[in-house]
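Heads up: the structure comes next, in structure tokens.
A short reminder: the numbers here are calculations on the coordinates, not readings from a lab. Note that this is a predicted model, so its numbers are computed, not measured. We place every Cβ from the backbone using ideal geometry, glycine too, and count neighbours over all the protein chains shown.
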Amino acid sequence: MKQLRLSAAFLIVLLISAMSLGIISVQALAPEIPNPTREFYVNDFAGILDSETERDILKLGESTYKATDGGQVVFVSIDTLNENTIEEYANALFNKWKIGTKDKGVLFILSMEERISRIEVGYGYEGVLTDIESSKLLIKFSELNGEKGINEAVKVIYSDIVNIISGNEDMVQYPENEESNFFSENPIITAVLVIIILILVVLDFIFTGGRVTFFILRMVAASSRRGGGGGRNSGGGGRSGGGGASGRF
């Protein structure tokens, strides 16, 4: 009984520590996803773009679909995530709309209330548009939004995504300064958290043979496995596995 209580205590502490480091996230209810607009490549539900920007994106999206043999780059703006994470919402929308023929799809989405952005990459482009490149593009978007406004920022990033998946990455300019995060800005706190995790893991192996640690590793592994046709008005049957990046603007 005493060993059982120790195991339960270690599990609770490890789960809390893992969540504090962002290793495990709490899943919200499945988000409610709207249907795509008739234009499909530009879905400005939040009403942030002018008509010229929408026409430019639509034209580029249609030409990209033809030039890449079914590749689809879709822009979406929404008012709010309704307590979902941007990752959950983007993944659900991508898979519901089936963006990209043969999984060759990219979603560029903005949520205006939370001021958060994401580039979601389909399985077919995960080796072409990497998570690091997606992160850099979102940093660039945030900078452009502050300097030149939302319309110019959206057009530039949409064009950059098209250039990357079309094999013209040399035309893309990335920001010089990398965005910092909480852990890089607080190395002492990060080091303390890592030490705490290591101590708890060692104690877990001493008292329970590592059962709690292996349980958490299985949870992390499970969460990481998330999750013809197409044209102007529809998706191409594509799927996303959660690749991409998120950022704030």
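Approximating the spin labels as points 7 Å out from Cα along Cα→Cβ, the Ser166-to-Asp79 distance works out to 3.5 nm. Shown is the FRET efficiency for Glu62 and Ile33, computed with R0 = 25 Å from the Cβ-Cβ distance and rounded to the nearest 0.05: 0.65. Partners of Lys102 within straight-line reach, counting aspartates and glutamates whose Cα lies under 15 Å from its Cα and excluding those fewer than 8 residues away in the same chain: Asp69, Glu126.
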